[in-house]
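This report refers to the structure that appears directly beneath it.
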Amino acid sequence: MKITIIGCGLIGGSLALALKRRRPEHFIVCLDLPERAPAILEAEVADVVGSTDDFAAHIPDSDIVVVATPVQFVPDTLAALKPFLKENTIVTDAGSTKNKIMAAARELMPPGVHFIGGHPMAGAERSGVEAADPLLFSERVYILCPYQDTPPSAFLTLMELVESIGAIAVTIDPDEHDRILAMVSHLPHFIAVALMHAAMSGDAGHGMLKKMAGRGFLDMTRLSASNYVMWKGIMATNAEAISEAMNGFSSSLAFITKEMMESGAEKVWEEVAKQRRAMTPDSRIRPRKQDLRMAIDRQDKQLMSVLARRFDAVRKIGKLKARQTAPVVDADREKRMMVERCDWGKSLGLPEEMTKELFDVVLKHSSRLQERGQD
């Protein structure tokens, strides 16, 4: 199966990398703007990297085409794809709004081409293909929006692909998707931006925000670091639902402002707290064994992702050493690293013996990777 991904940022790059690692029998092509090609090539997420000028070379023989551009560019990209799409090709997108995209796709797709709206509910603070993570979609909801007349065979093919990267496929109506996402995804971003803007305005006189911001503030404003271009498109394609969500939030904020010191405030607070605690097993005071195991699974996944990024950096350093004819092993640096890592581990309460064993293994495999790169 040949899968062509158009737009190779965090989502497109992570999808390409996940498919390459989990479905190596598939042939993965990434197409993006010409100036982004060097970063995509360096990230090694696809079998072939090209530009958006290469549609004629790759789209006609693609079985699945994924449009992973910002949402405002999806309709134009679909229009550009139209002349090159063959019958029975499956086309999907990765945008976080669905209604307008699916309406445009209905008009733009040639007969026999099957468009199915898609939205992976995954992301990260970092952006771009440099942040690509093959585990980004693991155990995350991946929304699919087929039309009523979408052939079951096309829908099942895409669902199997989604599940093969570890995601959980969920089918939902595009209108319902946009209303739900306006509340649980889009509104929190705007609240984070508003909170950060208010804090910056209040900080103008004393300039202590960076030094005194607590964990709660940092957690709540994390989303405000996101890319404006992406969110400009979301605002443009889901304005009505976002406006409704904002109005609802304004009413709640007004209620809290007026009633928080009144007699009924405790009941409201406790209801909210109870509902929020029920949304994640990690926040329970005494998690059950299964909850703890789920937490360990998530932490192990994060550990594996960090190791994968470390070894990607090791490979790149190995290539530089090869060009400079430098030795693979730097014994002095490894000794310094081991002392430093043991010190780090001690400060975190980790046994020194375990830290040494861990980094003995990491350094051994790092050297092997670099030696292979110089063969």
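What follows draws every value from the coordinates through simple rules; no lab data is involved. Not measured: the values here are computed from a predicted model. Cβ: placed from backbone, ideal geometry, glycine included. Neighbour counts: every protein chain shown.
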_Partner lysines for Lys232 [C-alpha distance under 19 Å; skip if fewer than 8 residues away on the same chain]_ = Lys98, Lys100
*asked:* Test of understanding: in a Gaussian network model of the chain with alpha carbons linked when under 10 Å, which of Pro110, Pro151, Pro188 would top the mean-square fluctuation ranking?
replied: Pro151
*Which log10 I(q)/I(0) values, to two decimals, does the chain give at q = 0.06, 0.07, 0.13 Å⁻¹ under the Debye formula with one point per Cα?*
-0.30, -0.41, -1.23
*Residue-count net charge about Phe155 - beta-carbon cut-off 13 Å; Lys, Arg +1, Asp, Glu -1*: -3
_Let me understand the stretch 289-373 better: what is its radius of gyration from the alpha carbons, and its Dmax, in angstrom?_
15.5, 52
*Taking +1 at the Cβ of each Lys and Arg and -1 at the Cβ of each Asp and Glu, which of Ala94, Ala68, Leu209 sits farthest along the dipole of the chain towards its positive end, judged by Cα position relative to the Cα centre?*
Leu209
*Could you check the simple spin-label distance between Val170 and Leu350, using points 7 Å along Cα→Cβ, in nm with one decimal?*
3.4
*With a Cα-only, solvent-free Debye model of the stretch 49-203, what are the log10 I(q)/I(0) values at q = 0.17, 0.19 Å⁻¹?*
-1.07, -1.29
*Given R₀ = 41 Å, FRET efficiency for Arg23-Ile256 by Cβ-Cβ distance, to 0.05?*
0.25
*Residue by residue through the stretch 142-153, which ³J(HN,Hα) values in whole Hz follow from phi under the Karplus form 6.51 cos²θ - 1.76 cosθ + 1.60 (θ = phi - 60°), with glycine and proline marked x?*
10, 7, 10, 10, x, 7, 5, 9, 5, x, x, 5
*Let me know the charge dipole size of the chain about its Cα centre in debye, to the nearest 20, where only the beta-carbon of Lys, Arg (+1) and Asp, Glu (-1) is charged.*
1180
*Under a GNM of the chain (C-alpha, springs under 10 Å), which listed residue has the highest mean-square fluctuation: Gly166, Gly12, Gly118?*
Gly166
*asked:* How would Thr97, Thr52 line up from fewest to most surrounding beta-carbon atoms within 10 angstrom?
replied: Thr52, Thr97
_Loop GluC sites (Glu not before Pro), the stretch 136-229, which have at most 15 other Cβ atoms in a 10 Å radius of their Cβ (DSSP)_ = Glu139
*Out of the stretch 42-131, which GluC sites (Glu not before Pro) are coil in DSSP terms and have no more than 14 other C-beta atoms within 10 Å?*
Glu87, Glu125
*asked:* Using only DSSP helix segments of four residues or longer, with each worth -39500 (n - 2.57), what per-residue ellipticity at 222 nm results for the chain after dividing by its residue count and rounding to 500?
replied: -17500 deg cm²/dmol
*Give me the distance in nm between label points sitting 7 Å out from Cα along the Cα-to-Cβ direction at Gln275 and Asn88, one decimal.*
4.9
*Compute the longest continuous run of the chain that contains no exposed trypsin sites (Lys or Arg not before Pro); treat a site as exposed when its DSSP state is not H, G, I, E or B and it has at most 16 other Cβ atoms within 10 Å.*
141-283
*Note down the nm distance, to one decimal, between modelled labels 7 Å out along Cα→Cβ at Gln302 and at Thr325.*
4.6
*If you average 1/r over every pair of different alpha-carbon atoms in the stretch 1-119 and take one over that average, what Kirkwood value in Å do you get?*
14.0
*Fewest first, what order do Val314, Val329 take by the number of other Cβ atoms within 10 Å?*
Val329, Val314
